[in-house]
Amino acid sequence: VQLQASGGGLVQPGGSLRLSCAASGITFSLYAMGWYRQAPGEQRELVAGITSGGITNYADSVKGRFTISRDNAKNTVYLQMASLKPEDTAVYYCNARLRQMVYWGQGTLVTVSS
């Protein structure tokens, strides 16, 4: 199983980025997918999740700014991030979950700074 996250980088406050996570080795359409983040010195936290049926949920801190989506034909989950703030700076990880099976990607760094 491999979850390959990409799309991170340096962006100015107020800017946008789109993260992608391509999955292989799993029946992607059956899995709930999530994006988590971990800032230096902080615990990993859920940013956004999407069920196999397309139901989404978001952390309060990103509601209205971030959008999670999935493309089952491409085995990929996306996180569209807008109106980025310095406090969004973190390593972002994608996660795949199906009952007791949980897989993590390697993370992609997002830095929001002027």
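The values are calculated or read from the model by the stated rules, or taken from the named source; none is laboratory data. All of these numbers come straight from a predicted model, not from anything done at the bench. Cβ placement follows ideal geometry from the backbone for every residue including glycine, while neighbour counts extend to all protein chains displayed. The area values use the complete protein model at the heavy-atom level, side chains included, leaving out ligands, DNA and RNA. Shrake-Rupley method; radii C 1.70, N 1.55, O 1.52, S 1.80 Å.
Put simply, the amide H of T89, placed in the peptide plane, has neighbours under 5 Å in V112, leaving out anything fewer than 5 places away on its chain.
Taking a label point 7 Å from the Cα of I55 along the Cα→Cβ vector, which residues of the range 80-114 have an amide N closer than 17 Å to it? Under 17 Å, as judged by backbone N against the label point of I55, lie 97-99 of the range 80-114. With the convex hull drawn over the C-alpha atoms of the range 53-114, the volume per residue is 115 Å³. Looking at the range 1-69, the trypsin sites (Lys or Arg not before Pro) that sit in a DSSP loop and have at most 13 other Cβ atoms within 10 Å of their own Cβ are K63.
With R₀ set to 30 Å, the beta-carbon distance separating V102 from Q12 gives a calculated FRET efficiency near 0.30. Note on exposure: R97, R70 ranked by accessible area (1.4 Å probe, complete protein assembly) read R97, R70, with the most exposed listed first. The spacing between the range 1-67 and the range 73-88, judged by their C-alpha centroids, is 6 Å. Computed over all pairs of different Cα atoms, the Kirkwood value for the hydrodynamic radius of the range 1-85 is 13.4 Å.
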